[in-house]
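Q: Sharing a structure with you now.
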Amino acid sequence: MDPLLKDAAERASRYLEGLPTRSVAPSREGLQGLDRLDTPLPEAGEDPGAVLSLLDEYGSPGTVATAGGRYFGFVIGSALPAALAANWLAGAWNQNVALEVMSPAAARLERVALRWMRDLLGLPPTAEGAFVTGDTMANFAGLAAARHALLKARGWDVATKGLFGAPPFPVVVSEEVHVSVLKALSMVGLGRERVLRVPVDDQGRMRPEELPRLDGPALVCVQAGNVNTGAVDPVGEICEKVRPTGSWVHVDGAFGLWAGACPSRAHLTEGVSSADSWAVDGHKWLNVPYDSGTVFVRDGGHLRSAMTGGSVAYLPTDAKPEGMEYAPEMSRRARGVDAWAALRSLGRAGVADLVDRSCRHARRLADRMREGGHRILNDVVLNQVLVDFGSAERTRRVIDAVQQDGTCWCGGTEWRGVHAMRISVSSWATRAEDVERCADAILRVASD
C-alpha cells in the first residue's frame, strides 16, 4: 500500500504542476488515448501499480484542466491545497458519517464546518444543515423540508401518507429559475410545470411587485446568483411580502450565497437570512473537491423530519440527532472534512479575498472585452461575464475557436434572446497574469 500511495501522490503532483503549461481542453491525442481504458473486463486482476500507471498515462491527458486557473466554464471551482490534501486523508480514513459512533472525528468536523459556513454566509444561528453531493441535492433536501412544514401546518404528514390526497399549495419561482430547482421540485413530487413564474428585471432578478397574490401558504423559490449574470433576487423584500401568508422561502444560492462572506459583496445578499432554507455549493466558490454541497434549514426539525427514514433495530435510538437524519443519504462520505480544511486554511479573511479576487478578475475580463470592441450584456456584480461578439453565428465561432485554442475554456449561453460567451471566474488558482493571458487569447481569436 505505501509505495502505491506514494506513486499516486507523485503522479498527482506532476499533473498539477503541468497545468499552467498545458491546454485547458484535452488534445485529440489525449482523447484518443482513452480507448486504452475502454476494454473488456479482464478475467484476472492486474497489479495495482500497473492499474494506476495506466490510469495516469491515458486518463490524465483526457481530462479538462478545471483544477487550473484558466478554466471559466460552468461555475466550476478548483481544489484548494488544504482541501485536496484533506480529501486524500479522508479517503484513507474511509469514514461513514451516517452515525457519530461510526466516526466521531468526521462527525465533529462536519458540525464545526457547518457552523463556520452558517456564520460566514450570515444565516440564522438556529439553522441546521447537512453536507450533500451538490446544489441539486441541497435544493432537494431544502424543498423536502418545505413540503413537510407546509403540509404539517395543514394537518398532513407527508412522510407517512405521501402526496396522495395531500392538500395542494402554490409553488412560486422566477422566470430565471435554475434547472436544479426544477429538477428538485420534480423529485419531491411538486412538479416542474405547475409552478407560477414571476417576471424578472434586465439582470434576471425577480420583481417582488410581480409576485402572484397568495391567499395562503406557498413555497417561494428565490435565487442568489443568477447563473448567467450573477444577479441576486431581492430576497429580503420577497420574504417580507410573503411572510404574512405563512409561506416558505427557499434560496438557491449555489455560488452567489458566498457573496455574503465578502464585505465588499455582502450587500448583494442582504436579507437572505429572512428565508427558511438555503442551498449552496462547496465545489464552486469554496473550492473543495467534488462533490460537495450544503443545505441549511432555519428550523432543523423540519429537515430532520423530512430526511428521517424511520427506526431500524440495529441502529441507535438515542434522542441525539445523527448526520444521516439531515441528509438524503444514510451512508455518506466525510465531505465535511474537505470543507473544514478549506475554511481552516483560508480563515474569514481568506474566504472574503477568494470571492473578491474572483469578482475583480471577472471585471478585468469584461473591461478587456469592451476595450476590444465587444459588448458586455450584464452588470458584472459577481464572477459572471456575458460577451456578445456581434452576432449569434460569430459568437458561436469565437467560443468554438477559444475552446480549440486551449489557452482558456469558456462556454456559451442564451441571454434575453442573444447568444453569448459566458465567463465564470471561480478558481482560487486564477492569477492576474492568467486573466491577461486569457483575455489576449480571446481577443486574438475573435479578431481572426
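The values are calculated or read from the model by the stated rules, or taken from the named source; none is laboratory data. Not measured: the values here are computed from a predicted model. As a convention, Cβ positions derive from the backbone with ideal geometry for all residues, glycine included, and neighbour counts pool all protein chains shown.
Q: Has segment 111-120 got at least one residue that is over 17 Å from L257 (Cβ atoms), in the same structural domain as H302 (by TED's automatic domain parsing), in a helix (DSSP H, G or I) and not polar (S, T, N, Q)?
A: There is at least one residue in segment 111-120 that is over 17 Å from L257 (Cβ atoms), in the same structural domain as H302 (by TED's automatic domain parsing), in a helix (DSSP H, G or I) and not polar (S, T, N, Q).
Q: Would you mention how many residues in segment 346-376 are among the hydrophobic types (A, V, I, L, M, F, W, C), surrounded by fewer than 21 Cβ atoms within 10 Å (Cβ to Cβ) and either farther than 27 Å from A86 by Cβ or at pLDDT below 95 (or both)?
A: 1
Q: May I pose another question? Please indicate, with yes or no, whether at least one residue in segment 209-219 is at pLDDT 95 or above and in a helix (DSSP H, G or I).
A: Yes: one or more hits.
Q: Are there any pairs, at least 6 apart or on different chains, whose C-beta atoms fall under 6 Å, with the first in segment 299-311 and within 13 Å of G323 (Cβ to Cβ) and in the same structural domain as W278 (by TED's automatic domain parsing) and the second part of a helix (DSSP H, G or I) and acidic (D, E), and if so, which?
A: Final answer for the pair search is R304/E325; M307/E325; T308/E325.
Q: Working only within segment 339-377, note down all residues that are under 16 Å from S427 (Cα atoms) and either among the hydrophobic types (A, V, I, L, M, F, W, C) or outside any helix (DSSP H, G or I) (or both).
A: A339, A342, L343, L346, V351, A352, L354, V355, C359, A362, L365
Q: Any residue in segment 213-221 that is in the same structural domain as G134 (by TED's automatic domain parsing) and under 19 Å from the mean Cα position of the chain (by Cα)?
A: Yes - at least one qualifying residue is present in segment 213-221.
Q: Could I ask something else about it? Just wondering, is there one or more residues in segment 388-403 that are under 22 Å from F255 (Cα atoms), outside any helix (DSSP H, G or I) and of a type outside the set (F, W, Y)?
A: no
Q: List every residue pair whose Cβ atoms sit under 8 Å apart, with the two residues 6 or more apart in sequence or on different chains, where the first one lies in segment 1-23 and is under 21 Å from A92 (Cα atoms) and the second, anywhere, is acidic (D, E) and at pLDDT 95 or above.
A: The qualifying pairs are R11/D56; Y15/D56.
Q: Taking the condition free of Cβ contacts under 8 Å to residues at least 24 places away in the same chain and crowded, with 23+ Cβ neighbours inside 10 Å, does I399 pass?
A: yes
Q: Can you tell which of L84, L89 is touching a residue at least 40 places away in the same chain (Cβ under 8 Å), in a helix (DSSP H, G or I), crowded, with 18+ Cβ neighbours inside 10 Å and out of contact with any Gly (no Cβ under 8 Å at 6 or more places or on another chain)?
A: L84
Conditions tested, residue by residue: (1) in contact (Cβ under 8 Å) with a residue 24 or more places away in the chain; (2) crowded, with 23+ Cβ neighbours inside 10 Å; (3) touching a His at 6+ places or on another chain (Cβ under 7 Å).
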| position | (1), (2), (3) |
| --- | --- |
| W116 | yes, no, no |
| D119 | no, no, no |
| G122 | yes, no, no |
| T126 | yes, no, no |
| V132 | yes, yes, no |
| G142 | yes, yes, yes |
| R147 | yes, yes, no |
| A153 | yes, no, no |
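Q: Something else now. Any residue at all in segment 411-425 that's assigned to a helix (DSSP H, G or I) and modelled with pLDDT of 95 or more?
A: no
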